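Colleague: Pasting a structure here, questions to come.
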Amino acid sequence: MVYNRLTDFYLEDPARAALRAAYESGSVVLTPHPHAHALYAHKMNLVTLSKEAALASLGVSESSRAILAAGTPRTERVTADRADELWATRRTRFFKPAAGYAGKGAYRGDKLTKRVWQEILAGDYVAQALVPPSARLVEVDGARSDLKLGVRAYVYAGKIQLIAARLHQGQTTNFRTPGGGFAPVFVIGEVLSPACNPCLKQTALTDERKLG
């Protein structure tokens with residue numbers, strides 16, 4: 001078994017040729033593997049998840065489509081033929097590489113330069129509707145400040161095993177922000193929609209800001 005921490009998600013680097021051959025032949029258990037990334041992490045999937053008609057054609061139920069519409073920022077593929085339209089509306093969008101990770105190569109549209117825009121057009125990018133992050137007021141050494149927060153659900157076999165939050169300042173999550181880092185999430189009530197996973201519940205971040 002190989003525990004994969006590479007960011008070459010599809011093992012395309014010639015230096016990974018032996019590992020890729022072993023994976024493709026079934027000689028090694030690789031986790032996570034390229035197929036898992038394609039299914040669960042490639043951002044081009046969000047384009048499909050944003051399209052009502054596409055989901056309906058795939059047989060996704062009406063209730064599930066409603067949940068996806070409420071929780072998935074509208075995502076579109078960046079293509080050269082839509083360059084003028086996307087540039088004109090860039091301030092309402094966030095641009096991300098389709099196979100990117102950890103915020104690398106991601107840009108808020110209102111901060112784009114013409115040079116970076118040309119790089120985006122030449123790459124494989126998606127454009128997402130800009131969604132302002134939620135925030136929590138934190139007190140550190142007597143000083144108060146607002147920290148952005150993101151809630152993460154750790155899932156196995158289709159069920160949520162753990163819910164945690166991360167607090168930070170800046171464009172991407174980090175562990176350098178004073179008062180930031182992981183924070184506990186306490187479950188306070190069940191989501192009413194029967195289409196949701198039974199263990200998925202509404203959550204609230206407590207005033208206990210950090211774990212350890």
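The values are calculated or read from the model by the stated rules, or taken from the named source; none is laboratory data. It should be emphasised that the depicted structure is a prediction, and the values quoted were computed from it without experimental measurement. Note that each Cβ is placed from the backbone with ideal geometry, even for glycine, and that neighbours are counted across all protein chains shown.
Colleague: Starting from region 16-29, take each residue that is under 15 Å from residue 4 (Cα atoms) and list its partners that are among the hydrophobic types (A, V, I, L, M, F, W, C) and assigned to a helix (DSSP H, G or I), counting only C-beta distances under 7 angstrom and pairs at least six apart or across chains.
Modeller: Partner pairs satisfying both residue conditions: 28/22.
Colleague: State whether one or more residues within region 190-200 are in a loop (DSSP other than H, G, I, E, B), at pLDDT 85 or above and more than 18 Å from the chain's Cα centre (by Cα).
Modeller: Let us first name the residues in region 190-200 that are in a loop (DSSP other than H, G, I, E, B), namely 191-200.
Keeping just the survivors that are at pLDDT 85 or above gives none.
No: region 190-200 contains no residue that is in a loop (DSSP other than H, G, I, E, B), at pLDDT 85 or above and more than 18 Å from the chain's Cα centre (by Cα).
Colleague: Would you check if there is a residue in region 166-184 being under 23 Å from residue 63 (Cα atoms), in a strand (DSSP E or B) and either polar (S, T, N, Q) or modelled with pLDDT of 85 or more (or both)?
Modeller: Step one: list which residues in region 166-184 are under 23 Å from residue 63 (Cα atoms), which gives none.
No, region 166-184 contains no residue that is under 23 Å from residue 63 (Cα atoms), in a strand (DSSP E or B) and either polar (S, T, N, Q) or modelled with pLDDT of 85 or more (or both).
Colleague: Of all residues being on the phi < 0 side of the Ramachandran plot, surrounded by fewer than 14 Cβ atoms within 10 Å (Cβ to Cβ) and of a type outside the set (A, V, I, L, M, F, W, C) in region 156-174, which is nearest to the chain's Cα centre (by Cα)? Just the residue, please. Before you say what the answer is, go through the steps one by one.
Modeller: Step one: list which residues in region 156-174 are on the phi < 0 side of the Ramachandran plot, which gives 156, 159-169, 171-174.
With the extra rule that they be surrounded by fewer than 14 Cβ atoms within 10 Å (Cβ to Cβ), the set shrinks to 156, 159, 161-162, 172.
When the remaining residues are screened for being of a type outside the set (A, V, I, L, M, F, W, C), the result is 156, 159, 161, 172.
Values: 156: 17, 159: 18, 161: 18, 172: 11 Å.
The selected residue is 172.
Colleague: Tell me which strands (runs of 3 or more DSSP E) are completely within region 32-141 and hold 2 or more residues being at pLDDT 95 or above, or say none if there are none. Lay out the reasoning, then the answer.
Modeller: Values: elements: 75-77, 93-97, 125-129, 135-140.
Because the criterion is at least 2 residues that are at pLDDT 95 or above, the strands (runs of 3 or more DSSP E) in region 32-141 that meet it are 75-77, 93-97, 125-129.
Colleague: Residue by residue through region 129-155, note down the ones that are at negative phi and more than 17 Å from the chain's Cα centre (by Cα).
Modeller: Step one: of region 129-155, the residues at negative phi are 129-140, 143-155.
The answer is 135, 136, 137, 138, 139, 140, 143, 144, 145, 146, 147.
Colleague: Could you please give the count of residues in region 1-47 that are surrounded by 14 or more Cβ atoms within 10 Å (Cβ to Cβ) and of a type in the set (Val, Ile, Thr)?
Modeller: Of the residues in that region, 2 qualify.
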